[in-house]
Structures are given as structure tokens and as C-alpha cells.
Amino acid sequence: MDTQHHDVDVCVVGGGLAGLCAAVSAARNGARVALVQDRSVLGGNASSEIRMWVCGARGSENKETALLEELQLENAYRNPTGSYPTWDSVLWGFARFQPRLQLFLNCPCTGCETETGADGSRRISNITCFQTTTQTWRHIGAKVFIDCSGDSILATPSGADFAVGREARSDFGEPIAPPTADRKTMGNTVLIQLRETDEEQAFTAPGWAYRFDSPDQFPARMRGVNGANFWWIELGGINDTIQDAERIGVELQRVAWGVWDYIKNRAPEKEKARNWALEWIGSLPGKRESRRYRGLHVLTQHDIEAGGRFVDVVAYGGWPMDDHHPAGLLFPGDPTVFYDAPSPYGIPLRSLISRNVSNLMFAGRNISATHAALSSTRVMGTCALLGQAAGTGAAIAVADGIEPAQLLPTRVAKLQATLMADDLWLPGLSRDADELALSSKADAPSLLDGVDRPVDGRDTAWEGEVGSAFAFRWDQPRHIGGLRLVFDSNLKDNKRMPSRYTKRGTHAKVPPTLVRSYRVEVFEGDDGPAEGRWRTVFRDDNNYQRLVHAPVGATASAVRVIAESVWGDGPARVFAAEPTTTLNDKRPPKPKRVAWSDVVASVPDEHLAPPDLSAASVTNDPATDDDPGSRNGAAIGARRRSGPVA
């Protein structure tokens, strides 16, 4: 088998939303990145393999933005019917066409090598992966490794400190922790998706499916065809969700098919399911919990309840502490207990950095947190922010030639400023505008207040009818490199993928509040309107993103933005607009469509030569195809097929 070596700045292991955002953010901030994923698709629990919807911070305006919102808006634009293959393609394209990012799919990590630094610290030098599709061993060296695998695949081979299970109440003084520690976790889940039709749909269960006979077997769980993706089909928390994963998966299959059999054939409300068909049952269980790293700080229940007011805040959560019973469906009581958590609360950089492996970071459900805190931070909206924070921090560390822990304390402000500039809101902080913007006379000064969303009921967005404009002016002409704009993408809309498909259909759409077309003009001339003119320097007729960077590249005494249309019928709304001295657009240009004829034309002629059939007996008789016993079968050396081919 082949062996190949790769050398990058940042290696991200795991391609869920945390890993995807970590890899893309590191690449967009200048690092050479490898993203290693053991599956053939990206997205982890959000992918077509598992289909869990993306949950995050509660509250009408607390939705996660940044890279996650960029992905979800791309999906809303391209995927109005809620197709999971299309969603997979959105995630794949996000990584595959990101400059400086190498994507390794079907490539499970099998181990790593460590070395001891001059100061005695342990660090990872490279990881080993086996790519099943190419049958190639890949050794990837990097300056910083980010484990976003969920299961903390690098913990054991690297010797990194980690924890499994529930801490004792006395360990961190957490009231919701059990009296004694154990290795129990939250369980795994196989999801079900249904489709409503116009006619009755029969269902016959396989013989190996478990048989359910009574609503009493689903306490506080069963809602029939109105169920929200059946998250409560959960098992494995009383086992080892890694070592026992295959056995847990078998049990979940038997349960899931039995649940649908019950709904269709024996449930009291089975009549409501008459016209519903089984659209999909997952074959890969989604995980909630396994190994959690121990970092420079262990996030606890107390930190969350206090609002997470950390000086090194780099992300936020806001989901309740949602602690599922380890026995899952075996437990004859409520499947989970919700404990209040403020929304939002901050999460520190220190919870993303290993305490004993100097170049190891992590993001996702494996961060440095107690079981109690993890029950909140594990949801994918939060994990995406954690990934972006880790990836951005890693890129800064590489650029400055330091280890991740050395970002503390002097480079934390730089990391926070970078994250906020990339539209990752950090509660309690505001973004500093460019000097060029601050020196201007703005028609709407609130556009420069450093707050790019409504906060605590305070909405400072500029709002105007379609065709309206706002401008920035200077006493003397200034060079304007670009404009940073943040449009209203309706943060009340969670932009989730569907969990079931009704007859009325699933109609995702670009938020109607979002500016669709706009133009940027500069004023040339400094003696007043009579001596100058407005000139269009940029126009976008099909915007569907919240954060955009419009190129200007002109010296002028004023610049203005005219909102020409929105995706709906209402006014145009803009949260932030900032003239910048340089164009700071990190998003790569969209790949250009390539004509298939051009692809064919690029292939050398010798590869396109027709087959030589001079020595073959050729027939068009379909009766002889694939029939060695036919009258001509033995004599036929080649056939020109007239029917379907495989």
C-alpha cells in the first residue's frame, strides 16, 4: 500500500460542524490546513448520515452567525426543498474549494507520534491516517493539531489528559452532578424521518425489530408522526459509547424499526399515521458524549450559571443544561432533565487548549468541561462557534510562531477582534471600527457602534425603504479599500434542516429581510455636489449572505451604499457598515462553472480512441446479451448493447 507524507500548519481531525469551521477559519486566516474526516461526508451529526438538526443558544436574537450562518444561508439559497444530499454538497463545497485547505475524506485517524520539546513539554509531531478509498497511509505533520473528532481520537495516543463520565458532586461543587462519580454518559441516537403522502402506506416490520405494544413504554416521549426527529430513541449511556459502539448501534436499529412499527400498526393514534411513509432511518448513530479533554480551564455548571464572564471569551452557548438519562429509552421516566442556563454565556479559550500537550487544541463536544457543562455546550450551533474560535486561534499561533497557550494573555484581544470581524459575536464585547470609518461623518453613526445584531432588546440597525442610501463623508479625499457590511438575515429564523416532510412541502428560503441587491458609489470631487459626481464602483445583484465585504478601491471624499432590493417585501436593514482602508474579504470567490465539453477537450486523444472491434463478433440482438447459453453467446467477443447498461 502507498504511503504519503503531508506537512501543514494546522491539522484538524474530525469533519463535523466544529471541525469544518475550525479548518475553514484557520485557512481563511492564512494557515495551510489539513482536514481529516473518517466519513465520506462532512457535517457529523448534521450530515445526511445522522440528520440531527442544528440547535444552539436560545433567545430570539441569540442565533449563532459567522461561518455557521454563512453555511446555512448558502443552504437556504440552494436547497429550498430541504434535501439532505444538497446540504451535504454545501458542506463539501465549503471545504473542498477553500484555498489553503486539503480535504481528506474516508480517512480515519489511527494514531499519532509525540515528541518532547526543549522545555520538557509534550507535543504531537504527526498523525497517521488510513484513507480507505485510495488504500493509502497518510502521515500528516503540523504545528498545531485541533481534535474535533467528538470522541477525542488523539487523547489516548498523545497522552493528553481527558475525562469520561460524570464527575462527583464534590469534585466541582456542582449541584446537578451525581453524589458519586461514574463512567456513565448520555447515549447515542438513531433518528427517523417520515414523509406524508396522499394514500395509505402499509408497513411490515422486520422480524429482528423489537416489538412495542403500549404507550407506557414511551413515557414523555411518543408524539407519533408529529415527533421531532425521534431524538429520544437513545441507548448506550450505561455502556461505553466508544468501545461498545457497534453493539449499541445494533440495539438502536432494532428499537428504531420497532418504534415505526408501533406507530403504524398498534399505537392508539395509528390512524394519524395512515398516509405517512418511512422516508429514512439512520444507520449511523449520533453521539452526545464520550471523552472530554482536560484543558487549561474546566468549564463547570457554576461558570455557565454565572454567565461565563471570562476575559478570554471566544465563543458562547445558550442551550439549557440538557442532561439525558444514561439509560435512555430503558429508563421508565423523563428522557432528560433541563436545568436553566443563561443565554448567552461565554466560553473561554482556555477550555479549548490541552493542559499537558502543548500544540493540541480541541473543539466540539469534547472541550474541557464537566459532564454537567457539556450537557449545554454539546449542541452543534455552539460547537460550530468553538471550532471557528479554535481554528482562528491556531492560525494566529502559527503566524506568530507560538504555542496555543501562549495566546494567553497578550494575544487574546487580537483573537477576539478577528473573531468579531468575522461576525462571531462575543457577548459583552463590541468590535472596534477601522480608523477610516471613525474619522468619517456617518449618516447613521449606529452602523459603527461595533454591535452587529440586536442585543438585550436594543436594535440599532439602519432601516430604509428600498432605494434608500446611507453615506460616509470626509473633509478631504481618502483612499477606501472596501466596505464591511452586515445585513439583517433574521436571527429569529433558526434555518434548520427538516426532520419530516409533509404534503405541503418544505420551503426553505433566503430570509426576506436580507438585502438582495445593492450598489456602492464614491463621490469624486471635493468642492460640493456641483463640482463632483457619484460613480458606481461595485454592484451585487444577487447577495444572499449576511456578512459581505464590498470592494471599493478608490480615493474619494464620500462613499455610499444604496439598497436596491431585499428578498422579501419589507424595508432594507443593515446592522453594520464600515469603510476600511483595505479590502478584508476572506471568503474565496465562488468556483466558476466549467463546461463539460471543455473537460472532454482537455483529455489526450489517445485516451478517447474508440475500441478496436475488428476481431470481435458484434451483435445488436438483445436476446443474446449476458446469456452465455444463447445460440450466439459463446461466439460473441464484444457486443454493442441496445438496452440498459450497468
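The values are calculated or read from the model by the stated rules, or taken from the named source; none is laboratory data. On a predicted model such as this, the values are computed, not experimentally measured, just so you know. With ideal geometry, Cβ positions are generated from the backbone for all residues, glycine too; neighbour counts draw on all protein chains shown. Note: accessible area is taken over every heavy atom of the protein model, side chains too, but ligands, DNA and RNA are not part of it. Shrake-Rupley method; radii C 1.70, N 1.55, O 1.52, S 1.80 Å.
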If you go through the range 525-534 one residue at a time, do you hit one that is outside any loop (DSSP other than H, G, I, E, B), at negative phi, out of contact with any helix residue (DSSP H, G or I) (no Cβ under 9 Å at 6 or more places or on another chain) and modelled with pLDDT under 95? yes
Tell me yes or no: at least one residue of the range 477-498 is modelled with pLDDT under 95, surrounded by fewer than 19 Cβ atoms within 10 Å (Cβ to Cβ) and over 29 Å from Gly570 (Cα atoms). no
Among Thr392, Thr377, the single one that is farther than 21 Å from Ala576 by Cβ, within 19 Å of the chain's Cα centre (by Cα) and in contact (Cβ under 8 Å) with a residue 60 or more places away in the chain is Thr377
Close pairs (6 angstrom Cβ cut-off, 6 or more residues apart or separate chains): open to solvent by 90 Å² or more (accessible area, probe 1.4 Å) in the range 266-278, at pLDDT below 95 and among the aliphatic types (A, V, I, L, M) anywhere: Lys272/Val225
Number of positions in the range 331-345 that are within 17 Å of Thr370 (Cα to Cα) and crowded, with 24+ Cβ neighbours inside 10 Å: 2
Would you confirm whether or not the range 394-409 contains a residue that is open to solvent by less than 10 Å² (accessible area, probe 1.4 Å), assigned to a loop (DSSP other than H, G, I, E, B) and among the β-branched types (Val, Ile, Thr)? no
Those residues of the range 280-297 which are within 24 Å of the chain's Cα centre (by Cα) and either charged (D, E, K, R) or farther than 19 Å from Gln193 by Cβ (or both), in sequence order: Lys287, Arg288, Glu289, Ser290, Arg291, Arg292, Tyr293, Arg294, Gly295
Within the range 157-202, how many residues are open to solvent by 50 Å² or more (accessible area, probe 1.4 Å), within 29 Å of Met361 (Cα to Cα) and of a type in the set (Gly, Ala, Ser)? 2
Pairs please, first residue from the range 150-164 and in contact (Cβ under 8 Å) with a residue 24 or more places away in the chain, second anywhere and of a type in the set (Phe, Trp, Tyr) and open to solvent by 30 Å² or more (accessible area, probe 1.4 Å), Cβ atoms under 6 Å, 6+ apart in sequence or on different chains. Ser152/Phe162; Ala155/Phe162
Residues being open to solvent by less than 10 Å² (accessible area, probe 1.4 Å), in a loop (DSSP other than H, G, I, E, B) and touching a Phe, Trp or Tyr at 6+ places or on another chain (Cβ under 7 Å): count how many of those fall in the range 301-319. 2
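Matching residues to (1) outside any strand (DSSP E or B); (2) under 23 Å from Trp280 (Cα atoms):
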| site | (1), (2) |
| --- | --- |
| Thr180 | yes, no |
| Gln193 | no, yes |
| Ala202 | yes, yes |
| Trp208 | yes, yes |
| Phe212 | yes, yes |
| Arg221 | yes, yes |
Restricting to the range 209-252, name every residue that is among the charged types (D, E, K, R) and either over 22 Å from Tyr501 (Cα atoms) or open to solvent by less than 70 Å² (accessible area, probe 1.4 Å) (or both). Arg211, Asp213, Asp216, Arg221, Glu234, Asp240, Asp244, Glu246, Arg247, Glu251
Which of the residues that make up the range 41-60 are part of a loop (DSSP other than H, G, I, E, B) and either under 23 Å from Cys107 (Cβ atoms) or under 13 Å from the mean Cα position of the chain (by Cα) (or both)? Val41, Leu42, Ser47, Ser48, Glu49, Ile50, Arg51, Met52, Trp53, Val54, Cys55, Gly56
Of the residues in the range 440-462 that are closer than 15 Å to Arg560 by Cα and part of a loop (DSSP other than H, G, I, E, B), the one that is most open to solvent (accessible area, probe 1.4 Å) is Asp443
Where Ala205 falls short, out of the listed (1) within 22 Å of Pro268 (Cβ to Cβ); (2) out of contact with any Asp or Glu (no Cβ under 9 Å at 6 or more places or on another chain); (3) touching a residue at least 60 places away in the same chain (Cβ under 8 Å): (2)
Give, as residue ranges, the strands (runs of 3 or more DSSP E) completely inside the range 78-156 that count at least 3 residues that are among the hydrophobic types (A, V, I, L, M, F, W, C) and open to solvent by 20 Å² or more (accessible area, probe 1.4 Å). none
Count - residues of the range 287-300 that are open to solvent by less than 10 Å² (accessible area, probe 1.4 Å) and within 26 Å of Arg254 (Cα to Cα): 2
Search result, residues across the range 125-166 that are among the aromatic types (Phe, Trp, Tyr) and within 11 Å of Arg292 (Cα to Cα): Phe162
What number of residues within the range 463-509 are in a loop (DSSP other than H, G, I, E, B) and in contact (Cβ under 8 Å) with a residue 12 or more places away in the chain? 24
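Could you say which residue among Leu330, Leu360, Leu352 is at pLDDT 95 or above and touching a helix residue (DSSP H, G or I) at 6+ places or on another chain (Cβ under 6 Å)?
Answer to the check: Leu352.
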Let me spell it out: the conditions are (1) in contact with a helix residue (DSSP H, G or I) (Cβ under 6 Å, 6 or more places away or on another chain); (2) open to solvent by 30 Å² or more (accessible area, probe 1.4 Å); (3) within 26 Å of Phe338 (Cβ to Cβ); (4) not basic (Lys, Arg), and Gly56 meets all of them except one. Which number is the exception? (2)
